[in-house]
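Asker: Please find one structure pasted underneath; my questions will follow.
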């Protein structure tokens, strides 16, 4: 994939919030997918008034790859990792395999602009990303969330990244944003399902992406405890507590066991789906109204 107008806006916001872009590595060499007018508009929003000639040079230099843009963010060293040399990545490495020691703790920010969904061994790949980050550095992930079936091996749930970037693994989730791929699409900040006590589920009309910003707060062994989905963990803990204190779980009522004809169930399912909101506002807060802080 690459960096579109939404991604550029998020990177500029991250820079404003103190993310150190001095030493960048991208997973896959990332191209820029926006025109000069869009770039100039976004930059001006953050007080960066660059000429169109300069921006045209950035968009055309390096065959449209993102390294010239990173210089606007203060980057002095921009590396890239890919499984082949066909796009000129600076490191030809298979992210299905553990990275070399000389790359661990080397970068102030690791950016995945849409590559991890193409890596079969995702747990190894995300561990590699986490290990390459310096203490106090950041991971920025731009990943497919919905309506990308067939694009790669995976589409990702918000829950996955909330359970990966935890204090137990030496990380803190700082921001997660969801957006559809229309240039004028709204942004939604995603809440941690563990904190709100329900799943962050959404139905979207267009291709939908997540942007993840997580900071490395400490160097800790990764995944000593395998991540579990938070709502299931809560159920298991409650049942274990009930066993410990002798609480008997209620059995299904007689009414609930009455057979229901399939056509009535189908009517119920259709009505339930029609009534379900596309965006669950407890899990997704519209950023245009609340402000990206």
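Asker: Within segment 151-171, which residues are more than 13 Å from the chain's Cα centre (by Cα), part of a loop (DSSP other than H, G, I, E, B) and farther than 12 Å from residue 192 by Cβ?
Answerer: Of everything in segment 151-171, those that are more than 13 Å from the chain's Cα centre (by Cα), part of a loop (DSSP other than H, G, I, E, B) and farther than 12 Å from residue 192 by Cβ turn out to be 151, 152, 153, 170.
Asker: What are the residues in segment 187-218 that are part of a loop (DSSP other than H, G, I, E, B), touching a helix residue (DSSP H, G or I) at 6+ places or on another chain (Cβ under 9 Å) and either at pLDDT 90 or above or outside the structural domain of residue 116 (by TED's automatic domain parsing) (or both), if any?
Answerer: Those that are part of a loop (DSSP other than H, G, I, E, B), touching a helix residue (DSSP H, G or I) at 6+ places or on another chain (Cβ under 9 Å) and either at pLDDT 90 or above or outside the structural domain of residue 116 (by TED's automatic domain parsing) (or both): 191, 192, 217, 218.
Asker: Next up: For the subset of segment 164-173 comprising residues that are out of contact with any helix residue (DSSP H, G or I) (no Cβ under 7 Å at 6 or more places or on another chain) and closer than 17 Å to residue 191 by Cβ, which member is surrounded by the fewest Cβ atoms within 10 Å (Cβ to Cβ)?
Answerer: Ranking the qualifying residues of segment 164-173, first place goes to 172.
Asker: Moving to a separate point now. Quick check: anything in segment 279-289 modelled with pLDDT under 90, surrounded by fewer than 12 Cβ atoms within 10 Å (Cβ to Cβ) and in contact with a strand residue (DSSP E or B) (Cβ under 7 Å, 6 or more places away or on another chain)?
Answerer: Yes, segment 279-289 contains at least one residue that is modelled with pLDDT under 90, surrounded by fewer than 12 Cβ atoms within 10 Å (Cβ to Cβ) and in contact with a strand residue (DSSP E or B) (Cβ under 7 Å, 6 or more places away or on another chain).
Asker: While we're looking at this one, here's another question. Please find, within segment 174-193, the residue that is surrounded by the fewest Cβ atoms within 10 Å (Cβ to Cβ) out of those that are farther than 18 Å from residue 129 by Cα and without any contact (Cβ under 8 Å) to a residue 40 or more places away in the chain.
Answerer: 184
Asker: Sort through 222, 160 and tell me the only one that's touching a helix residue (DSSP H, G or I) at 6+ places or on another chain (Cβ under 6 Å), surrounded by fewer than 19 Cβ atoms within 10 Å (Cβ to Cβ) and under 28 Å from residue 97 (Cβ atoms).
Answerer: 222
Asker: So for segment 245-263 (the condition being modelled with pLDDT under 85, within 22 Å of the chain's Cα centre (by Cα) and farther than 30 Å from residue 109 by Cβ), does at least one residue qualify?
Answerer: no
Asker: Assuming residue 132 fulfils every condition listed in (1) modelled with pLDDT of 95 or more; (2) surrounded by 19 or more Cβ atoms within 10 Å (Cβ to Cβ); (3) more than 27 Å from residue 83 (Cα to Cα) apart from one, which condition is it?
Answerer: Here residue 132 clears every test but (3).
The values are calculated or read from the model by the stated rules, or taken from the named source; none is laboratory data. The model shown is predicted, which means the values in this text are computed figures rather than measured ones. Backbone-built Cβ (ideal geometry, glycine too); neighbour counts: all protein chains shown.
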